[in-house]
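The values are calculated or read from the model by the stated rules, or taken from the named source; none is laboratory data. On a predicted model such as this, the values are computed, not experimentally measured, just so you know. All Cβ positions, even for glycine, are placed from backbone atoms using ideal geometry, and neighbour counts span all protein chains on display. When the accessible area is computed, the model is the full protein with side chains, heavy atoms only, and any ligands, DNA or RNA have been set aside. Shrake-Rupley method; radii C 1.70, N 1.55, O 1.52, S 1.80 Å.
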Amino acid sequence: MNHNKNSKSRAVFGTRLGLIATTVGSAVGLGNIWRFPFEAGVHGGGAFILCYVIFIFLLGVPVICCEFVLGRNSRSNYFGAVKHYSSNGYWKAGAIAGIIASLMILSFYSVVAGWTLEYLFQSLTGGLSLQSAEQFHERFTAFSTDALRPVLWTALFLLANFGILIRGVTKGIEKISNIMMPMLFVILIAFCINSLSLPGARHAMDFLFQPDFSALTPSVVLGALGQAFFSLSLGLGCLLTYASYFRKDVSLARNAVTVASLDTIVAILAGIMIFPAVFTFGMSPAAGPALVFEVLPSIFTRMEGGALWAPLFFALLVLASLTSTISMSEISITYFMEERGMTRRRATILNTLIALVFGTLCALSFGPLSNLKIFGLTIFELFDYTSSNILLPLGGMLIAIFTGWYVDRRTVRTELLGERADTPVWYRVLIFLIRFIAPAGILLVFLSALGLI
Ligand code: PHE
């Protein structure tokens with residue numbers, strides 16, 4: 001069978017730390033540092049964050065386990081894995097939706113990564129040495145609405161992504177992630193400590209950690225669900241594809257909890273870093289995608305040694321974005337290679353070209369194409385909303401149903417428990433979450449967002 005042929009030539013991640021670092025590398029990225037603060041800000045803070053954390057552990061962790069089980073057991077790409085267990089066309093359509101979602105995310109994500117590159121450049125050339133929050137706002141608006149620069153940076157970022165991908169997975173990513181993730185973590189903590197000394201810190205803590213439940217509308221809840229899935233790289237076969245490179249002797253459930261916890265901690269730290277500055281400098285928490293890019297420079301200019309911190313931070317953020325885009329690119333690349341018979345080179349070129357075309361449209365949707373609206377959303381917003389809030393949670397629901405109800409129970413058990421004879425309580429709880437809570441929970445959030453309940 002096709003997947004058997006592939007499984008022989010498939011690479012395997014070297015160490016347990018490498019495995020954690022690569023999956024965390026996929027999970028941690030702009031989703032935590034750019035998207036989480038802006039979504040939390042738009043949706044009113046505390047209540048959104050509480051929902052987000054509940055979704056991560058109640059729905060996210062079980063679905064991560066499902067992706068891990070399917071990937072490691074089939075040792076195949078998303079589409080191949082589904083085919084391995086079922087010949088039903090509906091499931092395959094689900095896998096194709098995941099692959100499309102991965103390309104949509106890659107497109108708009110590369111634009112934001114491109115903004116990060118511009119800010120890295122600015123921080124190195126002294127362009128961030130302005131003073132007032134107003135000036136930073138104007139600077140960002142001028143840059144992001146430009147017809148050329150954002151497109152060039154997007155293309156440059158995609159080129160870097162291409163350069164790593166063409167060499168294959170394990171060589172590059174494991175190494176980058178092993179060094180970079182701990183560094184990012186340390187620097188974030190340093191920034192948080194600095195932010196907590198700002199006068200707006202109290203206000204920020206209330207905003208982040210004192211839920212105002214009256215703010216909890218169905219669309220806020222759906223936003224939290226979408227953010228949870230986006231941040232965990234979940235529901236589109238990304239963790240499934242990575243798990244196909246896992247060794248047989250690592251514990252899937254334990255790794256799922258570790259990845260979810262680290263990812264959540266990074267997001268919360270990003271919130272603690274951003275919001276004290278937002279309230280101190282009188283900015284609006286609901287500024288949207290621009291938020292982090294307008295706030296961060298204000299933080300740096302006011303920090304001891306900010307001129308050094310800023311480039312380091314933006315460089316780390318670019319790397320964190322790369323480890324995420326590599327993982328989302330692998331979804332379509334492994335599909336093109338293993339199901340469409342392309343060489344790695346061709347598959348990677350195709351992946352990059354698609355992202356380049358749609359990424360350009362997304363980049364221009366802040367400037368020249370800002371009036372082009374579909375369902376009232378710009379192209380960038382449409383790509384972001386459709387993939388994160390619709391395709392990923394729906395994909396996660398399908399993956400949970402598929403694993404919980406269609407895949408042979410013994411297969412699931414052996415992947416999660418090994419040869420262990422007794423059945424621990426956590427396993428029963430996990431299976432219950434996979435079979436009932438995850439599908440029903442996601443469905444309920446959708447129905448209420450559609451106004452049906
Ligand atoms: N989880 C990544 C982040 O937080 C984004 C991502 C989404 C990566 C989907 C892969 C797949 O930045």
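Yes/no matrix, rows are residues, columns are (1) touching a Leu at 6+ places or on another chain (Cβ under 7 Å); (2) open to solvent by 10 Å² or more (accessible area, probe 1.4 Å); (3) modelled with pLDDT of 95 or more; (4) part of a loop (DSSP other than H, G, I, E, B):
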{"residue": "Gly41", "(1), (2), (3), (4)": "yes, no, yes, no"}
{"residue": "Val53", "(1), (2), (3), (4)": "no, yes, yes, no"}
{"residue": "Gly60", "(1), (2), (3), (4)": "yes, no, yes, no"}
{"residue": "Phe68", "(1), (2), (3), (4)": "yes, no, yes, no"}
{"residue": "Ser87", "(1), (2), (3), (4)": "no, yes, no, yes"}
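Can you confirm whether Ala101 is under 27 Å from Trp309 (Cβ atoms), within 16 Å of the ligand (Cβ to nearest atom), in contact (Cβ under 8 Å) with a residue 24 or more places away in the chain and under 25 Å from the mean Cα position of the chain (by Cα)? Can you show your working first?
Values: under 27 Å from Trp309 (Cβ atoms): no; within 16 Å of the ligand (Cβ to nearest atom): yes; in contact (Cβ under 8 Å) with a residue 24 or more places away in the chain: yes; under 25 Å from the mean Cα position of the chain (by Cα): yes.
Here the answer is no, as Ala101 does not meet what is asked.
Taking the conditions exactly as written (hydrophobic (A, V, I, L, M, F, W, C) and within 16 Å of the ligand (Cβ to nearest atom)), does Leu59 satisfy them or not? First the steps, then the outcome.
Values: hydrophobic (A, V, I, L, M, F, W, C): yes; within 16 Å of the ligand (Cβ to nearest atom): yes.
Here the answer is yes, as Leu59 does meet what is asked.
Quickly run through the range 235-275 and pick out the residues that are in a helix (DSSP H, G or I), hydroxyl-bearing (Ser, Thr, Tyr) and in contact (Cβ under 8 Å) with a residue 24 or more places away in the chain.
First pass over the range 235-275, keeping only residues in a helix (DSSP H, G or I): 238-243, 252-275.
Within this subset, residues satisfying the condition of being hydroxyl-bearing (Ser, Thr, Tyr) are 241-242, 258, 261, 264.
Matches in the range 235-275: Thr241, Tyr242, Thr258, Thr264.
Output yes when any residue across the range 71-84 is in a helix (DSSP H, G or I) and within 15 Å of the ligand (Cβ to nearest atom), and no when none is. Can you show your working first?
Let us first name the residues in the range 71-84 that are in a helix (DSSP H, G or I), namely 71-74, 78-84.
Among the residues that remain, those that are also within 15 Å of the ligand (Cβ to nearest atom) are: 71, 78.
The answer is yes, given that some residue of the range 71-84 is in a helix (DSSP H, G or I) and within 15 Å of the ligand (Cβ to nearest atom).
Any chance you could count how many residues in the range 282-341 are within 16 Å of the ligand (Cβ to nearest atom), within 12 Å of Ser123 (Cβ to Cβ) and either touching a Ser or Thr at 6+ places or on another chain (Cβ under 6 Å) or not in a helix (DSSP H, G or I) (or both)?
Going through the range 282-341 one residue at a time, the tally reaches 3.
Yes/no per residue for (1) over 19 Å from the mean Cα position of the chain (by Cα); (2) among the small types (Gly, Ala, Ser); (3) open to solvent by 20 Å² or more (accessible area, probe 1.4 Å):
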residue	(1), (2), (3)
Ser144	yes, yes, no
Leu148	yes, no, yes
Trp153	yes, no, yes
Ala160	no, yes, yes
Ile166	yes, no, yes
Glu174	no, no, yes
Met181	no, no, yes
Leu188	no, no, no
Phe191	yes, no, no
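Given the options Arg410, Arg435, Arg420, name the one that is open to solvent by 60 Å² or more (accessible area, probe 1.4 Å), part of a helix (DSSP H, G or I) and of a type in the set (Lys, Arg).
Details: Arg435 fails: open to solvent by 60 Å² or more (accessible area, probe 1.4 Å); Arg420 fails: part of a helix (DSSP H, G or I).
Testing whether each residue is open to solvent by 60 Å² or more (accessible area, probe 1.4 Å), part of a helix (DSSP H, G or I) and of a type in the set (Lys, Arg) leaves just Arg410.
Going through the range 125-141 one residue at a time, which ones are among the hydrophobic types (A, V, I, L, M, F, W, C), farther than 21 Å from Ser110 by Cβ and part of a helix (DSSP H, G or I)? Don't jump to the end; show me each part of the working.
Initial filter on the range 125-141 (among the hydrophobic types (A, V, I, L, M, F, W, C)): 128, 130, 133, 136, 140.
Applying the additional criterion that residues be farther than 21 Å from Ser110 by Cβ yields 128, 130, 133, 136.
Hits for the range 125-141 are Ala133, Phe136.
Go through (1) at pLDDT 95 or above; (2) buried (at least 20 other Cβ atoms within 10 Å of the Cβ) and name the single condition Phe313 misses.
The number of the failed condition is (1).
Quick one: in the range 252-270, of everything that is out of contact with any Lys or Arg (no Cβ under 9 Å at 6 or more places or on another chain) and over 21 Å from Met180 (Cβ atoms), which residue is least open to solvent (accessible area, probe 1.4 Å)?
Within the range 252-270, the match that is least open to solvent (accessible area, probe 1.4 Å) is Ala256.
State whether one or more residues within the range 214-224 are within 16 Å of the ligand (Cβ to nearest atom) and either surrounded by 18 or more Cβ atoms within 10 Å (Cβ to Cβ) or not β-branched (Val, Ile, Thr) (or both). Even if it seems obvious, please write down each step before you answer.
Initially, the range 214-224 is screened for residues within 16 Å of the ligand (Cβ to nearest atom), giving 223-224.
Pick out the ones that are also either surrounded by 18 or more Cβ atoms within 10 Å (Cβ to Cβ) or not β-branched (Val, Ile, Thr) (or both) and you get 223-224.
Yes, the conditions are met somewhere in the range 214-224.
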